[in-house]
Amino acid sequence: MVSVAQKTLLFTITTIFYALTAQAQQVNNKYYNPEKLIYNVELNGISVGDATISYTPNKQDKTYKFFAKAETEGFIKNIYNINDSINVYGFIKQSSFEPINHTVKIKENSKKSHRTAFFDYKNSLIRVQNNKEKTSEDLLLLNNAKDIFSTLYELRFNTDINKINANKDTFYRTIQFAHKTVVNKITVSNPYNLTFDKKNEVKVRDVLIESKKVRMHNISKEQIAAIKSGENKPEDFSENLVKKDNYKFKQNIKVVISSDSKKIPLIIKYNTKFGTFKATLKKYEKQ
């Protein structure tokens with residue numbers, strides 16, 4: 001059960017880049033600068049392992065790859081054996097990222113899963129393939145929802161930090177497996193000084209994140225054919241979305257980011273009923 005929170009933290013570390021990063025600009029070399037971030041993760045003050053995120057663009061064919069990994073280490077591995085990874089591949093198009101596929105591998109004690117999402121933005125569809133069971137499901141992909149990594153880096157390269165309105169909510173939509181999209185709400189504080197790592201004083205901002213889930217149903221082959229033929233628009237089948245208001249926003253994440261052009265998450269705290277996860281940046285690499 002704790003592993004679910006550990007996995008969520010892997011997504012959470014990336015979420016902060018989403019609405020809070022570099023200055024607005026057209027596609028330039030910044031899109032083609034690879035980087036890697038490594039975090040030490042603690043649960044209730046006990047170190048449980050590392051989480052890593054890497055971004056690898058290819059300027060020649062205008063593609064990009066994301067890789068994220070979370071793994072428990074040491075004695076805690078005997079209790080919570082976690083080895084999760086996420087891969088994303090897509091195209092860099094002008095000032096946006098367009099994912100092609102998104103693969104998640106989960107290895108958490110006895111729980112194992114391996115799924116890949118394939119994006120079809122032309123027809124607003126997404127196919128989720130269960131690589132372990134050799135099955136697949138089709139869903140509507142409304143509002144141009146993307147994986148969390150493509151979303152966060154797109155906004156990272158197109159958001160002017162000087163124009164961020166402190167204490168004003170920002171909304172964005174991302175996809176998750178298990179038939180859900182997630183609507184996230186971010187509130188950013190004014191900058192302040194913080195002593196980081198017990199020695200360095202840096203200017204930072206607090207970021208509070210609230211999320212709510214919207215569950216979706218499958219779309220039939222007949223409906224897919226109607227969309228692809230132009231007989232119907234994707235939104236004509238929006239009843240496939242379960243419209244429940246009881247999926248309310250819940251605040252459980254607080255992140256401290258550097259208040260500069262990079263907007264690097266320095267500390268991430270994620271509260272669960274099992275305790276508090278804390279991820280602290282220990283290494284940032286330009287590759």
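Just so it is clear, none of the values below were taken in a lab; they were calculated from the coordinates. Everything quoted here is computed from the prediction, not taken from an experiment. Using ideal geometry, Cβ is built from the backbone for each residue, glycine included, and neighbour counts are taken over all protein chains shown.
Listed values, structure above:
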quantity: Interchain or long-range residues, amide H under 5 Å from SER259's placed H; calculated: LYS203, VAL204, ARG205
quantity: Difference of contour (0.36 nm per residue) and Cα-Cα distance, PHE118 to SER189; calculated: 21.9 nm
quantity: GLU222 versus LYS30: modelled label distance in nm, points set 7 Å from Cα along the beta carbon direction; calculated: 5.0
quantity: Part-to-part distance (alpha-carbon centres) for the range 198-232 and the range 75-153, which is given in Å; calculated: 12
quantity: Separation in nanometres of the label points that stand 7 Å from Cα toward Cβ, at LYS107 and ILE76; calculated: 1.9
quantity: Sites LYS282 and GLU231, calculated FRET efficiency, Cβ-Cβ separation with R0 41 Å, nearest 0.05; calculated: 0.15
quantity: Under the Karplus curve 6.51 cos²θ - 1.76 cosθ + 1.60, θ = phi - 60°, whole-Hz ³J(HN,Hα) for the range 105-116, x wherever Gly or Pro sits; calculated: 10, 10, 10, 10, 6, 7, 7, 9, 8, 8, 10, 10
quantity: Exposure proxy order (Cβ contacts within 10 Å, fewest to most) of PHE66, PHE149, PHE75; calculated: PHE75, PHE66, PHE149
quantity: For ASN232, residues with placed amide H under 5 Å, excluding near neighbours; calculated: ILE227
quantity: Under 13 Å from LYS263, Cα to Cα: aspartates and glutamates that are on another chain or at least 8 residues apart; calculated: ASP160, ASP206
quantity: Karplus-derived HN-Hα couplings along the range 196-212 (A = 6.51, B = -1.76, C = 1.60, θ = phi - 60°), whole Hz, x at Gly and Pro; calculated: 9, 6, 6, 8, 9, 8, 10, 8, 9, 9, 8, 10, 9, 10, 10, 9, 9
quantity: Restraint check, LYS77/LYS282; LYS112/LYS228; LYS134/LYS286; LYS111/LYS254; LYS59/LYS213, Cα-Cα greater than 30 Å; calculated: LYS112/LYS228; LYS134/LYS286; LYS59/LYS213
quantity: In Hz, Karplus ³J(HN,Hα) per residue of the range 34-41 (6.51, -1.76, 1.60; θ = phi - 60°; x = Gly, Pro); calculated: x, 7, 9, 10, 10, 10, 8, 10
